[in-house]
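Novice: Have a look at this one.
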Amino acid sequence: MSDDATRYEGSFFGRRRGKPLRAGRAALIQDDLPELKVDLSAVPDDLGALFPVPVREVRLEIGFGGAEHLLHEASENPDVGFIGVEPFLAGLAKGLAGVERLGLRNVRLYDDDATQLLDVLPEASLARVDLLYPDPWPKTRHWKRRFVSDQNLGRIARTLKPGAPFRFASDIDTYVAWTLAHARRSPDFEWTATTADDWRLPWAGWPGTRYEAKAIREGRKGNYLVFRRL
């Protein structure tokens, strides 16, 4: 049976391992991840209880890649709790290394399929959800693997507080159009843009990411969409 057939709509697709991790990074995953990982069997009704420091709200970043944005946001907002999801081991190790280097106590991580986490988070428990430069699956036959789907937008909507933003960034025009089409037909979201700069310019405080810098070098521009939970 193919991998596609064994997964439901919206699941994570792709390899979790790339090049072998250096010994130090591998040790971080073995030693530090168990302490920081969100236990799906024991998610509290108040997500603030996940953190050893008081937080006024909790935000989720799906697929944090090299963790540049996650670590920047957590450093700039010590009174906000951040849950970062990254199934790829190289990115996960970078996130763990950054949390240790910066001494962050307001970050928790999850290293598997984001849909599994979304399904157990309390309703209306998140103040923001970010999906930044996700895998675009550019071949038409693979578009069904894109994380943005009717089902996953429903998952995100369930966990967001009313009025809270879902933010999406991508340099791939077909994925931007795909996301706009799905979000605009959703009964749970409205697109907040009123001028072209609202999606052409990065958000205030945006630190940039390594992937974004590569896209710019290759002549592609990012698009930055914000949808409000109705």
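Novice: Just to check your reading of the model, which residue among A183, A196, A215, A169 is modelled with pLDDT of 95 or more and over 18 Å from the mean Cα position of the chain (by Cα)?
Specialist: Exactly one of A183, A196, A215, A169 is modelled with pLDDT of 95 or more and over 18 Å from the mean Cα position of the chain (by Cα), namely A196.
Novice: With (1) under 18 Å from H69 (Cβ atoms); (2) hydroxyl-bearing (S, T, Y); (3) open to solvent by 60 Å² or more (accessible area, probe 1.4 Å) as the list, and T195 as the residue in question, which single condition is left unmet?
Specialist: Against the list (1) under 18 Å from H69 (Cβ atoms); (2) hydroxyl-bearing (S, T, Y); (3) open to solvent by 60 Å² or more (accessible area, probe 1.4 Å), T195 comes up short only on (1).
Novice: Listed residues L153, L160; which is closer than 17 Å to L132 by Cβ and in contact with a His (Cβ under 9 Å, 6 or more places away or on another chain)?
Specialist: From the options L153, L160, the qualifying one is L153.
Novice: Scan region 45-58 for residues that are free of Cβ contacts under 8 Å to residues at least 40 places away in the same chain and open to solvent by less than 60 Å² (accessible area, probe 1.4 Å) and jot them down.
Specialist: Answer for region 45-58, where residues must be free of Cβ contacts under 8 Å to residues at least 40 places away in the same chain and open to solvent by less than 60 Å² (accessible area, probe 1.4 Å): just G48.
Novice: State all residues of region 31-79 that are of a type in the set (D, E, K, R) and part of a strand (DSSP E or B); if no residue qualifies, say none.
Specialist: K37, E57, R59, E61
Novice: Taking only pairs six or more apart or across chains, which ones have beta-carbon atoms under 7 Å, a first residue in region 59-72 that is buried (at least 24 other Cβ atoms within 10 Å of the Cβ), and a second residue that is modelled with pLDDT under 95 and among the hydrophobic types (A, V, I, L, M, F, W, C)?
Specialist: none
Novice: Examine region 199-206 for a residue that is in contact with a strand residue (DSSP E or B) (Cβ under 9 Å, 6 or more places away or on another chain), farther than 26 Å from S75 by Cβ and open to solvent by less than 50 Å² (accessible area, probe 1.4 Å), and state whether such a residue exists.
Specialist: No, region 199-206 has no match at all.
Novice: Has region 119-142 got any residue that is of a type in the set (V, I, T), without any contact (Cβ under 8 Å) to a residue 40 or more places away in the chain and at negative phi?
Specialist: yes
Novice: Does K161 satisfy being out of contact with any Gly (no Cβ under 6 Å at 6 or more places or on another chain) and touching a residue at least 12 places away in the same chain (Cβ under 8 Å)?
Specialist: Against the criterion (out of contact with any Gly (no Cβ under 6 Å at 6 or more places or on another chain) and touching a residue at least 12 places away in the same chain (Cβ under 8 Å)), K161 qualifies.
Novice: Report those helices (runs of 4 or more DSSP H) wholly inside region 144-230 carrying at least 2 residues which are closer than 27 Å to D112 by Cβ.
Specialist: The qualifying helices (runs of 4 or more DSSP H) are 150-159, 173-185, 210-217.
Novice: For region 73-94, name all the residues that are small (G, A, S) and open to solvent by 20 Å² or more (accessible area, probe 1.4 Å).
Specialist: Listed by number, the residues that qualify are S75, A90.
Novice: Identify all residues within region 207-227 that are closer than 22 Å to A67 by Cα and open to solvent by 60 Å² or more (accessible area, probe 1.4 Å); write none if there are none.
Specialist: Result: R210, Y211, K214, I216, R217, E218, R220, K221.
Novice: Quick one: which of S170, S149 is more than 23 Å from E73 (Cα to Cα) and either surrounded by 14 or more Cβ atoms within 10 Å (Cβ to Cβ) or of a type in the set (V, I, T) (or both)?
Specialist: After ruling out the rest, the residue left standing is S149.
The values are calculated or read from the model by the stated rules, or taken from the named source; none is laboratory data. Just so it is clear, the structure is predicted and the values come from calculations on it, not from any experiment. Heads up, the Cβs are rebuilt from the backbone with ideal geometry, glycines too, and the neighbour counts pull from every protein chain shown. Each accessible area value is taken on the protein alone, full model and side chains, heavy atoms only, with ligands, DNA and RNA left out. Shrake-Rupley method; radii C 1.70, N 1.55, O 1.52, S 1.80 Å.
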